[in-house]
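Heads up: the structure comes next, in structure tokens.
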Amino acid sequence: MSIPNKDLNIWEHSLPLRELCRRRALDLEPEMDCARQGAEILAPYLAGERKTVLDVGCGGGHFYNSLSRRGLNFDYFGLDYSPAMIEIARDVFKLRGQDPGAFMLEDVRDLHGFGCQIAVAVNTLSFIADFREPLQRLSDAGAELIVVRDNFGPETEIKWETDGFLDPGSNHLKGYWNRWSVGETREFLQSLGYDVSQAEDDHCRGRMELVVEKPYHWSWMIAKR
Ligand SMILES: C[S@@+](CC[C@H](N)C(=O)[O-])C[C@H]1O[C@@H](n2cnc3c(N)ncnc32)[C@H](O)[C@@H]1O
């Protein structure tokens, strides 16, 4: 596997989204509820000895801000397979005099030889063909805590559909908009040796949210070992 063809990657084809991600990374937008909640879930694990956090599908890297504004003790790495997103993330780190090498341009399914203690995937796994591949890679990376916000429901539903809100000329492009069965995800994480708990999403509180006019039921899965 390698970085998907940019011409076919939906995340490369929305100028408004790129601009929003840049503003978020620069901390010019209000903190997203999910970023706040993710940082609050991680906080107790980052209060003592310094730990490595991998932000999977980091976009422009705004989750770094949510961790750092809480004074937590962590080394941050962001990973995303969209060159445009990684460029934004690296630019913002450079502007702040931070090491842009914290951001990796990579498909999470290719993650090998990287070690982290904590992995977080906020709004990312839904867009990947099979949730098991990234979770297996994060387990192999040694993550003692995996925190996932995703579109969870009673059954897995695989959808390969157009986005419809991309730049003019790109709206034929398709991506995954999957929903994962809570039971299947929990069982898979348990098979990797994790104890699994769930948390309601503070933003949606059990309600459906439309994401580019597709129904999403966001909630959290927290896996510890
Ligand atoms: C909805 S955005 C979420 C960005 C950020 N986590 C947030 O919550 O604002 C999903 C991100 O996942 C990335 N992504 C999707 N599939 C990926 C994969 N297989 N490997 C790495 N990144 C991926 C996309 O490029 C995109 O930046």
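The values are calculated or read from the model by the stated rules, or taken from the named source; none is laboratory data. Not measured: the values here are computed from a predicted model. Positions of Cβ are backbone-derived with ideal geometry, glycine not excepted, and every protein chain shown enters the neighbour counts.
Odds and ends about this structure:
- Matching residues in the stretch 27-52 - criterion: being more than 13 Å from the ligand (Cβ to nearest atom) and in contact with a Leu (Cβ under 8 Å, 6 or more places away or on another chain): Leu42, Ala43, Tyr45, Leu46, Ala47
- Every condition in (1) buried (at least 22 other Cβ atoms within 10 Å of the Cβ); (2) among the β-branched types (Val, Ile, Thr); (3) modelled with pLDDT under 95 is met by Ile3 except one, and the failing one is (1).
- Subset of the stretch 43-82 that is of a type in the set (D, E, K, R) and either surrounded by 20 or more Cβ atoms within 10 Å (Cβ to Cβ) or not in a strand (DSSP E or B) (or both) - its residue that is nearest to the chain's Cα centre (by Cα): Asp55
- Test result for Ala129, more than 14 Å from the chain's Cα centre (by Cα), in a helix (DSSP H, G or I), within 11 Å of the ligand (Cβ to nearest atom) and modelled with pLDDT of 95 or more: no
- Evaluated against (1) on the phi > 0 side of the Ramachandran plot; (2) touching a residue at least 60 places away in the same chain (Cβ under 8 Å), Gly97 falls short on exactly one condition, (2).
- The set of residues in the stretch 3-19 that are in a helix (DSSP H, G or I) and more than 9 Å from the ligand (Cβ to nearest atom) comprises Lys6, Asp7, Leu8, Leu15, Pro16, Arg18, Glu19.
- Scanning the stretch 203-225 for residues that are in contact (Cβ under 8 Å) with a residue 40 or more places away in the chain and more than 17 Å from the chain's Cα centre (by Cα) gives Val212, Glu213, Lys214, Lys224, Arg225.
- Positions within the stretch 103-115 being closer than 19 Å to Asp150 by Cβ and touching a Ser or Thr at 6+ places or on another chain (Cβ under 9 Å), in sequence order: Asp107, Val108
- The set of residues from the stretch 138-151 being within 15 Å of the ligand (Cβ to nearest atom) and buried (at least 21 other Cβ atoms within 10 Å of the Cβ) comprises Leu138, Ile146, Val147, Val148, Arg149, Asp150, Asn151.
- Looking only at residues in the stretch 94-126 that are more than 13 Å from the ligand (Cβ to nearest atom) and buried (at least 19 other Cβ atoms within 10 Å of the Cβ), the one that is nearest to the chain's Cα centre (by Cα) is Ile118.
- In the stretch 15-41, the residues that are in contact (Cβ under 8 Å) with a residue 40 or more places away in the chain form Cβ pairs under 6 Å with partners that are charged (D, E, K, R) and within 10 Å of the ligand (Cβ to nearest atom), at six or more places apart or across chains, as follows: Cys34/Arg149.
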